[in-house]
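> Have a look at this one.
FYI, it's all coordinate maths here, none of it is from the lab. Bear in mind the structure is a predicted one, so any value in this text is a computation, not a measurement. Don't worry about glycine lacking a Cβ; one is built from the backbone with ideal geometry, like all the others, and counts go over all protein chains shown.
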Amino acid sequence: MGKEESPQVTRRTTRSSSSATVATKTCDSHPLTIKDLVFGEDPISLNDLLSSFPGRRIQILELVRLLGASNSPMLPLFIYGGSSSGKTSIVLQMFRHLNRPFVYSSCRTCYSPRILFESVLNQLLLHRKDAANGYLSAKRCERPSDFVNFLREALSNVINNFKGNSGKLGTKKLVGQADGNMVYLIFDNLELVREWDKSSTILPFLFNLYDILKMPEVGLIFVSNTSPDTYYSNMGYMEPIPVYFPDYTEDDLRQIFMKNQANRKLYSSFLDVVLRPFCRITRRVDELSTAFLPLFQKYCEPLHDLGVVPNEEMKRRLFSHLQPQIAPSLNEVFKVSSQSSPAAESNKETKKKSSRRKLGVCAEIDELDFHMSTSAKYLLLSAFLASRNPATLDASLFDSMGGIDSRKRKRKSSQKSLEKKENAEQELLMKGPGTFPLERLLAIFQCLTSVAEGSIDEEEQGDEGVQGGDGGLMSDVLLQLSSLCNANFIVKGGSCPLEGSTRYRSTVCEDMALKVARSLKFPLSKYLYRR
């Protein structure tokens with residue numbers, strides 16, 4: 001590693017950087033050995049691991065307990081949580097701490113069953129694609145049955161090599177030698193498998209892999225952004241042990257962003273201004289770091305010396321300089337807008353001014369007294385409709401004709417039917433908002449966003465330039481749902497004994513829902529029953 005002409009590649013430093021480095025050094029890199037199944041860097045202590053990930057002490061200690069001592073069999077693990085919550089990084093650094101061999105495959109880069117199977121086999125067979133072998137895999141594997149046979153053979157060879165090396169060395173341990181004979185298979189981004197053509201067979205196959213192999217020296221770890229409830233199927237398999245990674249708290253995010261800061265007091269004063277309002281919208285570290293970078297540069301513009309310790313007067317001056325930039329940045333967290341022409345911008349500004357003149361005082365009444373992202377508003381409306389509307393009317397309310405107002409009445413209702421309907425409405429009103437499953441909420445959310453995108457296209461059909469930004473409404477819905485639950489806009493109800501999944505209930509009143517709908521210019525009354 002000290003020679004510049006033949007640098008060794010650090011294995012799995014991140015999910016992408018290491019693979020990119022390997023691809024650029026195919027000719028000069030050393031041949032793979034059994035030692036390449038470990039992390040590749042010096043092991044770290046448990047204290048270093050805990051200090052590297054603030055707010056994840058409970059999850060790290062739980063993973064250490066579940067993985068157990070060296071050579072101890074384990075049941076499959078299912079690690080889940082929101083995006084950018086540290087799941088993959090902690091798992092990889094965990095194996096650096098334990099110094100145990102593992103195979104990592106991401107379903108994002110391995111976007112088909114064949115690529116996923118061959119990725120696992122290439123690592124176990126110590127095979128690297130390069131020009132010498134025509135960038136071919138060690139084994140061509142398309143069927144799960146072939147994968148099981150190849151996998152069992154490759155795992156047996158690797159485990160026997162580890163056992164032979166440990167027997168020869170005895171108590172003596174060499175640098176880079178793996179600890180134990182267990183081999184762990186890590187499948188990351190498992191939720192993406194549901195988008196594959198053969199997902200109905202691949203997912204049960206992966207969960208059944210532990211029972212199919214029947215090898216106690218093999219451990220399986222699944223990493224997903226969605227909960228285990230979304231993977232239930234009719235095929236029986238041993239359910240993996242769930243390990244949940246909750247969203248970071250505000251204190252955890254402060255510790256994360258304060259790490260490796262040159263001027264900690266200056267950055268702490270900056271976080272005092274921006275962290276709390278941004279945490280109400282997202283708690284993803286990647287999105288927050290992207291938003292904070294230009295804001296901190298703007299925050300430091302009045303300063304000539306970045307090493308200065310700000311006093312109270314300086315903090316007020318810096319806050320006044322940054323304050324006009326906070327609200328536009330909050331709106332861009334979940335909306336990536338493209339550049340539009342000046343003519344289109346002037347047309348939009350003219351429309352806004354004319355609408356303000358028409359609405360007058362009503363516009364001020366309809367404005368929300370708190371900030372909420374566009375996707376969170378649509379999710380809040382979806383939860384409100386799911387709680388207020390009967391589930392049997394979803395198909396008719398969200399049909400292609402566009403809501404309840406477009407349905408034609410075949411005949412006039414009789415007085416008796418009207419009284420019966422009124423009594424049913426009063427009974428529903430006395431019962432209060434109903435509960436709904438996650439699947440129904442997501443279905444209504446998708447319908448509302450599709451209606452919104454269609455209305456936006458109709459309004460801006462005559463505008464010049466390219467208007468964009470609403471394509472990301474379906475992103476991070478589960479994160480938004482968690483934020484709305486934390487804010488008590490949506491509460492979790494009891495689990496249905498038949499479905500076995502968690503149910504939710506909206507606590508928003510109708511006036512609040514109408515105000516949110518008016519801020520989006522969404523026709524809520526067309527989709528609301530009993531209007």
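> Round to the nearest 0.05 the FRET efficiency obtained for residue 306 and residue 392 when R0 = 51 Å and r is the Cβ-Cβ distance. Kindly include the intermediate steps, with their values, before the conclusion.
On the way: r = 62 Å, r/R0 = 1.22.
Given R0 = 51 Å and the Cβ-Cβ separation, E is 0.25.
> So if we plug the beta-carbon distance of residue 244 and residue 46 into 1/(1 + (r/R0)^6) with R0 = 22 Å, what FRET efficiency do we get, rounded to 0.05?
Details: r = 21 Å, r/R0 = 0.95.
About 0.60, to the nearest 0.05.
> Can you pull out the GluC sites (Glu not before Pro) in the stretch 116-158 that DSSP calls coil and that have at most 15 other Cβ atoms within 10 Å? Could you put the intermediate results ahead of the total?
Numbers: sites: 118, 142, 153; in loops: 142.
Of the GluC sites (Glu not before Pro), the ones in loops of the stretch 116-158 whose Cβ has at most 15 other Cβ atoms within 10 Å are 142.
> Hey, another quick one. Could you go through the stretch 510-524 in sequence order and give the Karplus-derived ³J(HN,Hα) for each residue, using 6.51 cos²θ - 1.76 cosθ + 1.60 with θ = phi - 60°, rounded to whole Hz, and x for Gly and Pro?
Ordered by residue, 3J(HN,Hα) equals 5, 4, 5, 5, 5, 5, 5, 5, 5, 5, 9, 6, 9, x, 5 Hz.
> Which of 35/139; 139/214; 377/526; 298/377; 129/198; 420/521 have a Cα-Cα distance over 24 Å? Can you show the working numbers first?
Details: 35/139 21 Å; 139/214 22 Å; 377/526 17 Å; 298/377 29 Å; 129/198 26 Å; 420/521 34 Å.
Beyond 24 Å between Cα atoms: 298/377; 129/198; 420/521.
> Still on this structure: Quick one: 3J(HN,Hα) in Hz for the stretch 120-133, Karplus 6.51/-1.76/1.60 with θ = phi - 60°, rounded, Gly and Pro as x.
5, 5, 4, 6, 6, 8, 6, 10, 10, 6, 8, 5, 5, 9
> Would you mind checking which residues have amide H under 5 Å from residue 184's amide H? H placed 1.01 Å from N; only 5 or more apart, or other chain.
102, 103, 219
> Give the calculated FRET efficiency between residue 72 and residue 293 to the nearest 0.05, with a Förster radius of 41 Å applied to their Cβ-Cβ distance. Show your work: numbers first, answer last.
Details: r = 44 Å, r/R0 = 1.07.
So the FRET efficiency works out to roughly 0.40.
> Return the sequence-ordered ³J(HN,Hα) values of the stretch 195-201 in whole Hz as given by the Karplus equation 6.51 cos²θ - 1.76 cosθ + 1.60 applied to θ = phi - 60°, using x for Gly and Pro.
Per-residue couplings from phi come out as 8, 6, 5, 9, 5, 5, 9 Hz.
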